[in-house]
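Colleague: Have a look at the structure that comes next, please.
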Amino acid sequence: MRKILTAFITLILICNIIIPVHAEEKDTWEDEMIYFIMTDRFHNGDTSNDYQVDLNDPRAYHGGDFQGIIEKLDYIQEMGFTAIWLTPIVKNEPKGYHGYWTEDFYEVEEHFGTLEEFKTLVQEAHERDIKIILDLVVNHTGYQHPWLTDPDKQDWFHEDQTILDWDNQENVENGRLAGLPDLAQENPETRKYLLDMAKWWIEETDIDGYRLDTVKHVPKDFWEQFATEVKSVKEDFFLIGEVWHSDPTYVADYAKTGIDSFVDYPFFNEATRIFSNADQRIGRYMHGIWERNQTLYENPYILGNFIDNHDNKRFTRLVLENNEDPATRLKLALAYMYTAPGIPIVYYGTEIAMDGGEDPDNRHLMEFQDHEIISYISTLGEMRQENPALTKGDFVMLVDQIGTSVFSRTYEDEQLLIAINNTVEDQEVVLTDEELPTISKLVAKLGEESISKNEEGYVLHLPKESAEIYVVEEVEQDETTTDYTIWYAITIAGVVALLGIWFVIRKRKA
C-alpha cells in the first residue's frame, strides 16, 4: 500500500512539473488609476466649515471638504479609480483654497475639516482598496507665513528675487515662484523640519503617496534625502513628482533622486495637441514619447499620463477652441491614455466634459450629473483591471497612417490591439501576416464587431473619430480540438501511474 501511495505522489509531482501554476501577481503602481481632486472644488459634505465661502468669487473657498469626498467614494470607485490625489490639505492663508499657500505645515485647513475627518477619509478609501496621495509643497510657504517675521527664521528663506532666467538652475531653485517666499532647503534646520513634517503625515494618517509640487525648484540633493527618509517610514510609499518642463531629458534626470514617477508633461503636451483636433497624426508622436521614455526611465510604466490638470486649460476648452465636439474628442484621448503604458490620471470634472480656461477658470465646483464619459471611463477602467497587457505589456506600433493608428499590447499569453481613427472620415485598416501572423479572432470590447481573418488579413472598419480595443483570441481549429499540453500531461501521468502499479504487482509476485 505504501508503494502505491508513493506512485501516486510521484504522479502528482510530475503533473505539477508539466502543468505549472502561475502565482498571482501582486499589484504594483502601474496597475493604478488616479482620480485628481481639488478638495475645495469637489463636493460640500459639511456646511458647518463653510467660512467665507463665496461661490461667485473664483478665488474664494467654494465649500468642498473631506466629508464631501467620503460621500463620493463609491462614485469614484464605480468609475474604476484605485487611487485619489488630493491637492494640499495643510492650513493655508486667506484665499488659499487650492492649498499651495501654506500657513502651517502641521495643521489641517479648517475649511476642509479636521485631522480626524481626514483619517476617516483615508480609512474609508482603504476599505475600498483606494489609495490616497497627498500633494506636498516644500519649495515655498504662503505670502504671509509667520516665519517671515520671526527673527530666528530669516535664514530659512532665500533672498527675495524673481525667477528671470528659466534656463538658469540656480535662479530656478532660489528665486520666488509667483512671488512666494522660497524656502532654503540647504539650511539644516529648514531641511530637518520639512523631512520630519513629511514623515509625520505618513505616520499619523497612513497615506500611500505624495505628489511632489514644484520639484525643479528644489535642489536634487534634498530630494535624494527626502526619498530615503519617507520610504524608511513606509517602504512602498509612492512619490510622483511635478517637473513642469517640455524636455523629457530634463524631467527624467530627477528620477536619479529616488522619486518614483512624474506627471508626464511631454505626454500631456502631445496628447492634448493631437486629440483636441481631428486629422492629427498619432503614432509617430505618441509612440515616439514611449520609445524615448523607455531609454530615460528604469520603469516608464509608472509615469503619470494626463490630459487635464489644475494649472492648464481644460481639455474641453482646447476642443471647443478647435470647433470640435468635446465628448467625441475626450473619448479618443481617454482611450489612448488608458491603453498606453503609464498611470492614467483623470482630473475631477473631466468625466462630465467640464469646461474651463486658465486658472482659476479650470477649477469650477464639480457638478454631479449623468454623462456618457462617466460610463466610458468605467469601461476603460474595467478593461485595465481585467487585462494585464494594458498595464504591464509591451507597446508596439503596427499601423501609423495620417490620423489612424493601431497599437499592440502583449503580456505573457495575452494580446490586445488598440485602433484609433482620429479623422473625420471612416477608415479601413488591413492587418496582414506581417503585423498579426496568428490565426485569431479580434473581439471588440468597446463595440460589437468581431473580426476573423480572411484572404487579405484582418480588415478593421473604423468609423470616423472613434477608438476600438480588440482582444486577440486564438481560433480553435475544430470543435474537438483540445489543449495538447494538458493531454500530454495526462498521458505521461497515466503512464507513470501504470508503471507504479505494475511495479507493485511484480514485487508482490516475487
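The values are calculated or read from the model by the stated rules, or taken from the named source; none is laboratory data. Note that this is a predicted model, so its numbers are computed, not measured. Virtual Cβ from ideal backbone geometry, glycine too; neighbours counted across all protein chains shown.
Colleague: Would you check if Gly64 is surrounded by 22 or more Cβ atoms within 10 Å (Cβ to Cβ), assigned by TED's automatic domain parsing to the domain that holds Asp129, among the small types (Gly, Ala, Ser) and within 19 Å of Glu124 (Cβ to Cβ)?
Modeller: Values: surrounded by 22 or more Cβ atoms within 10 Å (Cβ to Cβ): yes; assigned by TED's automatic domain parsing to the domain that holds Asp129: yes; among the small types (Gly, Ala, Ser): yes; within 19 Å of Glu124 (Cβ to Cβ): yes.
Judged against the criteria, Gly64 is a match.
Colleague: Residue check: is Asp74 more than 25 Å from Gly241 (Cβ to Cβ), surrounded by 19 or more Cβ atoms within 10 Å (Cβ to Cβ) and under 27 Å from the mean Cα position of the chain (by Cα)?
Modeller: no
Colleague: How many residues are in contact with a helix residue (DSSP H, G or I) (Cβ under 9 Å, 6 or more places away or on another chain) and not in a strand (DSSP E or B) if we restrict to segment 406-426?
Modeller: Qualifying residue count for the region: 2.
Colleague: Would you tally the residues in segment 95-107 being over 20 Å from Ile240 (Cβ atoms) and either part of a loop (DSSP other than H, G, I, E, B) or touching a Lys or Arg at 6+ places or on another chain (Cβ under 6 Å) (or both)?
Modeller: Residues meeting the conditions: 7.
Colleague: Now for a different question. Please work out which one of (1) in contact with a Gly (Cβ under 6 Å, 6 or more places away or on another chain); (2) closer than 17 Å to Gly403 by Cα is the condition Ala278 fails and give its number.
Modeller: The one condition Ala278 does not meet is (1).
Colleague: Here is a follow-up. Please verify whether Ile289 is of a type in the set (A, V, I, L, M, F, W, C) and outside any helix (DSSP H, G or I), treating the condition exactly as stated.
Modeller: Details: of a type in the set (A, V, I, L, M, F, W, C): yes; outside any helix (DSSP H, G or I): no.
Criteria not met by Ile289.
Colleague: Let me ask something else about it. Among the residues in segment 390-411, are any modelled with pLDDT of 95 or more and more than 20 Å from His287 (Cβ to Cβ)?
Modeller: No - not one qualifying residue is present in segment 390-411.
For every residue, the table says whether it meets (1) closer than 17 Å to Glu386 by Cβ; (2) surrounded by 17 or more Cβ atoms within 10 Å (Cβ to Cβ); (3) over 31 Å from the mean Cα position of the chain (by Cα).
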{"site": "Arg409", "(1), (2), (3)": "yes, yes, no"}
{"site": "Glu412", "(1), (2), (3)": "yes, no, no"}
{"site": "Leu417", "(1), (2), (3)": "yes, yes, no"}
{"site": "Asn421", "(1), (2), (3)": "no, yes, no"}
{"site": "Val429", "(1), (2), (3)": "no, yes, no"}
{"site": "Ile439", "(1), (2), (3)": "no, no, yes"}
{"site": "Ala444", "(1), (2), (3)": "yes, no, no"}
{"site": "Glu448", "(1), (2), (3)": "no, no, no"}
{"site": "Asn454", "(1), (2), (3)": "no, no, yes"}
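Colleague: In segment 92-107, which residue that is within 16 Å of Phe66 (Cα to Cα) and touching a Gly at 6+ places or on another chain (Cβ under 9 Å) is surrounded by the most Cβ atoms within 10 Å (Cβ to Cβ)?
Modeller: Step by step, filter segment 92-107, then rank; the result is Tyr97.
Colleague: Of the residues Ala271, Ala255, only one is of a type in the set (A, V, I, L, M, F, W, C) and closer than 24 Å to Glu170 by Cβ; which?
Modeller: Step by step, each of Ala271, Ala255 is checked, and only Ala255 is of a type in the set (A, V, I, L, M, F, W, C) and closer than 24 Å to Glu170 by Cβ.
Colleague: If you don't mind, there's one more thing I want to ask. Is it the case, given these coordinates, that Leu164 is free of Cβ contacts under 8 Å to residues at least 12 places away in the same chain, closer than 25 Å to Asp264 by Cα and in contact with a Gly (Cβ under 8 Å, 6 or more places away or on another chain)?
Modeller: Answer is yes for this residue.
Residue by residue, here is whether (1) polar (S, T, N, Q); (2) assigned by TED's automatic domain parsing to the domain that holds Leu134; (3) touching a residue at least 40 places away in the same chain (Cβ under 8 Å) holds:
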residue	(1), (2), (3)
Trp156	no, yes, no
Asn171	yes, yes, no
Ala184	no, yes, no
Lys199	no, yes, no
Lys220	no, yes, no
Thr228	yes, yes, no
Thr249	yes, yes, yes
Asp253	no, yes, no
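Colleague: With the structure loaded, tell me whether Thr82 is in the same structural domain as Gln144 (by TED's automatic domain parsing), surrounded by 24 or more Cβ atoms within 10 Å (Cβ to Cβ) and either under 22 Å from Ala125 (Cα atoms) or without any contact (Cβ under 8 Å) to a residue 24 or more places away in the chain (or both) or whether it fails that test.
Modeller: Taking the combined requirement at face value, the residue does not satisfy it.
Colleague: Quick one: in segment 108-148, which of the residues that are among the aromatic types (Phe, Trp, Tyr) and part of a loop (DSSP other than H, G, I, E, B) is surrounded by the fewest Cβ atoms within 10 Å (Cβ to Cβ)?
Modeller: Tyr143
Colleague: What are the residues in segment 450-473 that are among the acidic types (Asp, Glu) and not in a strand (DSSP E or B), if any?
Modeller: Here is the first cut: in segment 450-473, the residues among the acidic types (Asp, Glu) are 455-456, 465, 468, 473.
Result: Glu455, Glu456, Glu465.
Colleague: Going through segment 164-190 one residue at a time, which ones are more than 31 Å from the chain's Cα centre (by Cα), among the small types (Gly, Ala, Ser) and part of a helix (DSSP H, G or I)?
Modeller: Within segment 164-190, just Gly179 meets the criteria.
Colleague: Taking the stated definitions as given, is Gly96 closer than 17 Å to Asn44 by Cβ, more than 23 Å from the chain's Cα centre (by Cα) and small (Gly, Ala, Ser)?
Modeller: No, not satisfied.
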